[in-house]
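Participant: Quick one: the structure is below, questions incoming.
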Amino acid sequence: MSEEQVEVAEAGSSNGAGGGTANTVTITDNRTGESVELPIEDGTLRATALRQLKDGPDDFGLMTYDPAYLNTASCRSAITYIDGSAGVLEHRGYSIEQLCEHSSYLEVAYLLVHGELPTNDQLATWTHEITMHTFVHENLKEFLEGFRYDAHPMGMLLATVSALSTFYPDSKNIDDPEERRMAAIRLIAKMPTLAAFAYRHSQGMPYVYPDNDLDYAGNFLGMMFKMTELKYEPDPRLAKALDTLFILHADHEQNCSTAAVRAVGSSQVDPYSAAAAGVAALYGPLHGGANEAVLRMLARIGSVDNVPSFLDGVKDGKEKLMGFGHRVYKNYDPRARIIKKHVDEVLEVTGGAGNPLLDVATELEKRALDDEYFTSRKLYPNVDFYSGLIYEALGIPRAMFTVIFAIPRTSGWIAQWLEMLDDPETKIARPRQIYTGHRQRDLQADLAVLGR
Ligand code: SDX
């Protein structure tokens, strides 16, 4: 049998008992009267099983059509669980609320990548290894010098992450456990450095090298903001708030950028190139770029008085309420709830209390949650609605917001990449299509019509 025939056969049709007790569905093809009984596996049907339904011996068989994969599971994963209607988010079974309360970002990154919480020794070793790999090759500085002063830092991050693959050619050996382990450590360790270097380039300031005495978030703040002082000392409250934001952005099951990492990684490319695909997807304003778009939206609204007319514009379809809505959450994004709690604290520390944009955001949320247009579409604040207010209070420019998102999401991408590599069902991602174009046209006849 061909590989395809084996796939279809394996996907199988069981001769279930029927009668409402079997865990199957029976589908009848009314074109032929043929019926197949398909097993329900984990709430899904195997799409390839539908290929048994043909309207003739030469027919390819039925496919599913699901643009944007609205209702398609692309993989099995044990990393992140989301209950969109209940607003639940868990990583390896631990609620996001517990992790934000009791863990550090590096501990969560370990959990995502390894599947279990680390012992004290494992966390110490993990932290040491990541700390020892925060430097990047000096050539990357020259690479960054090629960008204009006003290049968007996400564009610079995209380029430098993919450039990492050229410094670690052995990472192409994706079946080598040590190469996989080192890729995880290098990507998690170097993302903050690449992010901060992009920022410093855009500011025309000298690069600040990593400081191994600082923790992960504090070191990133140092590489961003250290000036002439001999030793940068981050405010521990701000470093903690940023570390919590890193936890909140670490992974989110099969979101657009993770799906991109899995799809590109399925070609067995090196992990740095696969991560670069994630950076590219996250850049989009409908995904990670939303946090930057939210601040621009709040600034454009300007004051609480303008909120009603702005929301009217949204309801007239003139624009989107950025930071609202989610493909999975049809309830309040639990991450938004946690971030909102930290906004007041950070504004207090940074002296940004009374930020008029926070008033605008709060009024937008209040009115939207009380408006049938938004509630009927189950549009609630998502992770991006309040995060930008904290980044702005930390002195981070809006163009850097999505770069900050990419830093922690790297641990999610690498965890999902590793899980994909170990999944026996992984094949190169290659969707089918519904062809809507011309067929078998006569080139010479058409050229003649064109007088050519
Ligand atoms: C992230 O997937 C993830 O997990 C992503 C993420 C992660 O951690 O990886 O959570 C991070 O990307 C959060 C989302 C950030 N993006 C935004 O805030 C941008 C604004 N949001 C929308 O673009 C939208 O809500 C999406 C993209 C997030 C979700 O879009 P869907 O699921 O494709 O929903 P849809 O566009 O089909 O919208 C359904 C309806 C439509 O109205 P109708 O056509 O039925 O009348 O809701 C409307 C949409 O017009 N709608 C909005 C809206 N979002 C959806 N209307 C106004 N403002 C919005 N923000």
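The values are calculated or read from the model by the stated rules, or taken from the named source; none is laboratory data. Quantities reported herein were computed from a predicted structural model and do not represent experimental measurements. Every residue, glycine among them, receives a Cβ derived from its backbone with ideal geometry; neighbour counts consider all protein chains shown. What goes into the accessible areas is simple: the full protein's heavy atoms, side chains included, and nothing from ligands, DNA or RNA. Shrake-Rupley method; radii C 1.70, N 1.55, O 1.52, S 1.80 Å.
Participant: Keeping the other protein chains in place, figure out the carbon and sulfur percent of the accessible area of the stretch 264-364, with a 1.4 Å probe. All intermediate terms of the calculation are to be shown ahead of the outcome.
Facilitator: Working: 2150 of 4180 Å².
Here it works out to 51 percent.
Participant: For ARG452, ARG300, ARG180, write out the residues from largest to smallest accessible area, computed with a 1.4 angstrom probe and no ligands counted.
Facilitator: ARG452, ARG300, ARG180
Participant: Which value, in debye to the nearest 20, describes the size of the charge dipole of the stretch 125-267 about its Cα centre when Lys and Arg Cβ atoms bear +1, Asp and Glu Cβ atoms bear -1, and nothing else is charged?
Facilitator: Result for the stretch 125-267 is approximately 280 debye, rounded to the nearest 20.
Participant: Using the Karplus equation 6.51 cos²θ - 1.76 cosθ + 1.60 (θ = phi - 60°), what ³J(HN,Hα) coupling, rounded to whole Hz, does each residue of the stretch 167-176 give in order, writing x for Gly and Pro?
Facilitator: For the stretch 167-176, the Karplus-derived couplings read 8, 10, x, 5, 5, 5, 7, 6, 8, 7 Hz, x marking Gly and Pro.
Participant: Given a 1.4 angstrom probe, what's the average accessible area per residue across the chain, in square angstrom?
Facilitator: Result: 50 Å² per residue.
Participant: Right, something else. From the phi of every residue in the stretch 357-372, what ³J(HN,Hα) in whole Hz does the Karplus formula 6.51 cos²θ - 1.76 cosθ + 1.60 yield, where θ is phi - 60° and glycine or proline is x?
Facilitator: Calculated HN-Hα couplings, in order: 5, 5, 5, 5, 4, 5, 5, 4, 4, 4, 5, 5, 6, 10, 10, 4 Hz.
Participant: Quick one: which residues, 5+ away or cross-chain, put their amide H under 5 Å from the amide H of PHE324? H built at 1.01 Å from N.
Facilitator: ASN382
Participant: Mean residue ellipticity at 222 nm from the helices of the chain, using -39,500 (n - 2.57) per DSSP H segment of n ≥ 4 over the full residue count, to the nearest 500 deg cm²/dmol?
Facilitator: Calculated mean residue ellipticity at 222 nm is -15500 deg cm²/dmol.
Participant: Another question, if that's okay. Cβ neighbours within 10 Å, averaged per peptide: list 404-410, 97-103, 417-423 in order, most packed at the top.
Facilitator: Details: 404-410: 26.4, 97-103: 15.9, 417-423: 17.9.
Averaged packing, sorted descending, gives the order 404-410, 417-423, 97-103.
Participant: Further question on the same structure: Please enumerate, by chain and number, the aspartates and glutamates with C-alpha under 15 Å from the C-alpha of LYS190, excluding those fewer than 8 residues away in the same chain.
Facilitator: Output for LYS190: GLU129, GLU138, ASP211, ASP215.
Participant: Nothing charged except the Cβ atoms of Lys and Arg (+1) and of Asp and Glu (-1): what's the magnitude of the dipole of the chain about its Cα centre? Round to the nearest 20 debye. Could the numbers behind the result be given before it?
Facilitator: On the way: 42 positive and 63 negative charges, 238 e Å.
With only Lys, Arg, Asp and Glu charged at Cβ, the dipole is about 1140 debye.
Participant: If you roll a 1.4 Å probe over the stretch 132-231 with all protein chains in place, what percent of the accessible area is carbon or sulfur? Walk me through the numbers before you get to the answer.
Facilitator: On the way: 2540 of 4510 Å².
Carbon-and-sulfur percentage of accessible area, whole number: 56.
Participant: Relative to the longest principal axis of the chain, what angle (0 to 90°, nearest 10) does the C-alpha long axis of helix 290-301 take?
Facilitator: 60 degrees
Participant: Right, next: Taking the dipole about the Cα centre of the chain, with the C-beta of Lys and Arg at +1 and of Asp and Glu at -1, give me whichever of TYR329, LEU140, HIS438 is farthest to the positive side.
Facilitator: HIS438
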